[in-house]
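Peer 1: Quick one: the structure is below, questions incoming.
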Amino acid sequence: MASSKEYKDFVLEQCNNLSARAMMGEYVLYYNGKVIGGIYDNRLLVKPTPSAISFMNEAQRELPYEGAKEMLLVEDIEDREFLKKLFEAMYKELSLIHISEPTRP
């Protein structure tokens, strides 16, 4: 099941500096240019960084799709302050991903 545009839009509204890129019916999420997780089957999943585990020590680990690594399920997507603190803490632990524009002939 693909994630809905409405769910993605709601998640993006919850936090500044958050963006998404569509990928096969789902969305990869970026915080200030770094991949923090994604939206899969209308679930917000984040990478299990040490800070994310610390912030959500009771969080369920779920697979975004068959064959993928486990991620942490963020259940309280309505708490903007929590999301901001979570993403800021994760940001310091993640590598910057550069997305280049497609080349033109």
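The values are calculated or read from the model by the stated rules, or taken from the named source; none is laboratory data. Just so we're clear, the structure is a prediction, and the values are computed from it rather than from any experiment. Using ideal geometry, Cβ is built from the backbone for each residue, glycine included, and neighbour counts are taken over all protein chains shown. These area figures cover heavy atoms from the full protein model, side chains too; ligands, DNA and RNA do not enter into them. Shrake-Rupley method; radii C 1.70, N 1.55, O 1.52, S 1.80 Å.
Peer 1: List every residue pair whose Cβ atoms lie under 6 Å apart, where the two residues are 6 or more positions apart in sequence or sit on different chains, the first residue falls within the stretch 1-15 and is on the phi < 0 side of the Ramachandran plot, and the second residue, located anywhere, is in a helix (DSSP H, G or I) and open to solvent by 50 Å² or more (accessible area, probe 1.4 Å).
Peer 2: Q14/R80; C15/K84
Peer 1: Conditions first: (1) at pLDDT 95 or above; (2) in contact with a Lys or Arg (Cβ under 9 Å, 6 or more places away or on another chain); (3) surrounded by 19 or more Cβ atoms within 10 Å (Cβ to Cβ). V46 passes all but one, so which condition is the exception?
Peer 2: For V46, the failing item is (2).
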